[in-house]
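Shown next, in structure tokens, is the structure this report addresses.
The values are calculated or read from the model by the stated rules, or taken from the named source; none is laboratory data. Here the structure is a predicted model, which means the values were calculated and not measured. Every residue, glycine among them, receives a Cβ derived from its backbone with ideal geometry; neighbour counts consider all protein chains shown.
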Amino acid sequence: MKKTLLALAFTSLFAAQAFAEPQTLKENEVEEIVLKIHHDANQGGYELLSVGDLKKLLDEKENIVLIDAHPKNQFDEAYIDGADNFEFQGTFTRHWKDDAPGGSEDAYKALLGENLNRKIVIYCGGNKCGRSNTAALWTKELGYHHVYRVTSGIQGWKDAGFAVKSAKK
């Protein structure tokens with residue numbers, strides 16, 4: 001039910017954005033994205049989180065692991081303060097070496113930590129980016145219980161007016 005309500009909220013958000021700016025997506029295209037996100041979360045057993053909710057967690061200094069699933073060069077351009085980078089691919093194949101060119105399974109587990117009950121929040125580029133889905137699926141596969149995906153990712157974070165960090169000079 002919570003995921004369904006969140007998917008409906010995403011639909012409303014996309015629709016509001018479509019009317020506020022020159023329309024770049026047709027309603028059926030927005031619907032397709034929303035339904036895919038909902039399906040991915042439902043199938044993967046993880047929760048969806050808005051950028052506003054993530055900002056609140058960070059402001060309240062909640063003990064979370066924040067993962068950016070971009071390739072290193074994209075992470076270096078813009079990332080959310082406190083995020084660790086671990087690259088994943090946009091399509092989940094169930095083969096670690098294909099899905100996670102960012103490193104070994106052991107390296108990812110070390111980044112996540114031993115506490116399987118700690119909140120893990122994952123993001124990538126935006127609503128069409130599948131890297132955060134692949135990362136969330138692997139995180140659940142590795143036994144972590146509280147996995148959250150911020151589907152609007154770094155683009156949604158920036159669109160909300162929140163600050164980003166950069167390793168570029």
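Of the numbered conditions (1) closer than 14 Å to G153 by Cβ; (2) modelled with pLDDT of 95 or more, F10 fails exactly one; give the number of that condition.
With respect to (1) closer than 14 Å to G153 by Cβ; (2) modelled with pLDDT of 95 or more, F10 is out only on (2).
Yes or no: region 58-67 includes at least one residue that is assigned to a strand (DSSP E or B) and within 24 Å of K36 (Cβ to Cβ).
Yes: one or more hits.
For (1) at pLDDT 95 or above; (2) more than 18 Å from the chain's Cα centre (by Cα); (3) not β-branched (V, I, T), each residue gets a yes or a no:
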residue	(1), (2), (3)
E77	yes, no, yes
G82	yes, no, yes
E87	yes, no, yes
G102	no, no, yes
E105	yes, yes, yes
G113	yes, yes, yes
N117	yes, yes, yes
I122	yes, no, no
K128	no, no, yes
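Could you grab me the full set of residues in region 54-78 that are in contact (Cβ under 8 Å) with a residue 60 or more places away in the chain, within 23 Å of L116 (Cβ to Cβ) and surrounded by fewer than 20 Cβ atoms within 10 Å (Cβ to Cβ)?
The answer is L57, and nothing else.
Which of the residues spanning region 81-117 are in contact with a helix residue (DSSP H, G or I) (Cβ under 7 Å, 6 or more places away or on another chain) and farther than 18 Å from R149 by Cα?
T93, W96, E105, listed by residue number.
Go through (1) among the polar types (S, T, N, Q); (2) loosely packed, with under 13 Cβ neighbours inside 10 Å; (3) at pLDDT 90 or above for T24 and report which single condition fails.
With (1) among the polar types (S, T, N, Q); (2) loosely packed, with under 13 Cβ neighbours inside 10 Å; (3) at pLDDT 90 or above applied to T24, the lone miss is (3).
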